[in-house]
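What follows is a short report on a single structure.
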Amino acid sequence: MAKISLVYWSGTGNTQAMADYVVEGVKSAGAEVDVFEVTEANADDVLKSDVILLGCPSMGSEVLEEESMEPFMEEIEGGLSGKKVGLFGSYGWGDGQWMRDWQERVEGAGASMICDGIIVNGEPSDDSVIDELKSMGSNAALA
Ligand SMILES: Cc1cc2nc3c(=O)[nH]c(=O)nc-3n(C[C@H](O)[C@H](O)[C@H](O)COP(=O)(O)O)c2cc1C
């Protein structure tokens, strides 16, 4: 079975709530996932996974959180070729540009997306997006 890791950053809990639904999806498909808050994640260990799930809200001005998520991305970027990746994150007033840029970056590094990056305005409360997040998890388990 595929080895799956999930790494996230969340300042006020919205992206963490998204992560919880993704994890629920993985588990409902009978698989396991190693979950790390990004400051606890080791890039080399994460790169041993077949599937890497990454969560981060839009921060700065349509960028990844810069203290820990951006440096972590820089660390893993060179090893993403051939990996299956799922991206998700919450946003506020923007239009999701950070996610489009992030996905392009991951694809540019040679990874394939499990599905398009999932974005949520604020907290995940809409049933359809909750289903999408769970599906990302269950698709990760089947990857
Ligand atoms: C410093 C800071 C910068 C932000 N920059 C953006 C932004 O550029 N675009 C946007 O849509 N939302 C922006 N937001 C809003 C967050 O993305 C939003 O509050 C999100 O729900 C936070 O997710 P979290 O609870 O996982 O931390 C910003 C929030 C903060 C605190």
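Any read-out appearing in this document is the output of simple, stated calculations on the displayed coordinates, not a laboratory observation. Bear in mind that the values here come from a model prediction, so they are computed numbers and not experimental data. Here the Cβ positions follow ideal geometry from the backbone for every residue, glycine too, while neighbour counts run over all protein chains shown.
About the centre of its Cα atoms, the chain shows a dipole size close to 520 debye [charges on the beta carbon of Lys, Arg (+1) and Asp, Glu (-1) only; nearest 20 debye]. Convex hull volume per residue, computed on the Cα atoms of the chain, equals 90 Å³. For E74 and L142, the FRET efficiency from 1/(1 + (r/R0)^6), where r spans their Cβ atoms and R0 equals 25 Å, is about 0.25. Taking amide H as placed 1.01 Å from N in the peptide plane, the amide H of L6 sits under 5 Å from that of D34, V35, F36, L53, each at least 5 places away or on another chain.
Between A2 and D34, the simple label model (points 7 Å from Cα in the Cβ direction) yields a spacing of 1.7 nm.
The H on the amide N of V85, modeled in the peptide plane, is under 5 Å from the matching H of I52, S112, M113, I114, each at least 5 residues off or on a different chain. Remark: region 56-70, residue by residue, has Karplus-estimated 3J(HN,Hα) of 7, x, 6, 10, x, 10, 6, 9, 5, 4, 8, 6, 10, 6, 4 Hz, where x stands for each Gly or Pro and the curve is 6.51 cos²θ - 1.76 cosθ + 1.60 at θ = phi - 60°. On a C-alpha basis, how far is the centre of region 25-63 from the centre of region 90-143 in Å? Whole number, if you could? Their Cα centres are 12 Å away from one another.
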